[in-house]
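The values are calculated or read from the model by the stated rules, or taken from the named source; none is laboratory data. In this text the structure is predicted, and so the values were computed from the model without any measurement. In this analysis, Cβ positions are derived from the backbone assuming ideal geometry, glycine residues included, and neighbour counts consider all displayed protein chains.
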Amino acid sequence: MKLKLLEVKEMENQAWEKLCPEDMEDYPEWQTEQVELARKILADDKEEKYIAIPGKIVSHEYSTMDNFCLSLEDEKIYRPLFRAVLGRDAFRRLSDCIHHYGIADDWYWYRFNAVKRIVIDWCKANNIEYEDQ
């Protein structure tokens, strides 16, 4: 089995399920293809072709935020960011800070790569070939 590393976000699932082919006429081809792929993934309830990745990714979210903060070199940014991710509402406060400091793209790229590493490790541990896209 070869696994393609894809991310279908839960919030987007509902939107994709409701889109009709006619609604997609004004979308670029790549986006239409992604919606169709998401529909196929969501329709595969028995995980015959698409396998859900392990739930531990969510539990690593806090350590990913901490590590992102520590990866920043600018003290004026990483100190307030690190304080923001402590305690309750850490995700909302992180979002506020990364947009305030203009580093949202850096965070999303960092998070994507952290999740990707977890999934690749999971694939290797389960002897599943993967295709990195």
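Just a few scattered comments:
- Taking residues in the stretch 100-115 that are over 13 Å from residue 64 (Cα atoms), and partners anywhere that are modelled with pLDDT of 95 or more and among the small types (Gly, Ala, Ser), not one pair has Cβ atoms closer than 6 Å while being at least 6 places apart or on different chains.
- Filtered by the rule that a residue be among the hydrophobic types (A, V, I, L, M, F, W, C) and either in contact with a Cys (Cβ under 8 Å, 6 or more places away or on another chain) or within 14 Å of residue 63 (Cβ to Cβ) (or both), the stretch 112-132 gives 114, 115, 118.
- Between 96, 45, the distinction of being among the charged types (D, E, K, R) and at pLDDT below 80 belongs to 45 only.
- Among (1) without any contact (Cβ under 8 Å) to a residue 40 or more places away in the chain; (2) in contact with a strand residue (DSSP E or B) (Cβ under 7 Å, 6 or more places away or on another chain), the one test that residue 84 misses: (2)
- The single condition among (1) at pLDDT below 80; (2) among the β-branched types (Val, Ile, Thr); (3) under 16 Å from residue 107 (Cβ atoms) that residue 85 does not meet is (1).
- The stretch 22-38, subset surrounded by 12 or more Cβ atoms within 10 Å (Cβ to Cβ) and farther than 23 Å from residue 50 by Cα, residue modelled with the highest pLDDT: 27
- One residue stands out in the stretch 48-76 among those that are at pLDDT 80 or above and among the aromatic types (Phe, Trp, Tyr): the one that is surrounded by the fewest Cβ atoms within 10 Å (Cβ to Cβ), namely 62.
- Any hit, the stretch 77-96, residues being over 24 Å from residue 49 (Cβ atoms), surrounded by 12 or more Cβ atoms within 10 Å (Cβ to Cβ) and in contact with a Gly (Cβ under 9 Å, 6 or more places away or on another chain): yes
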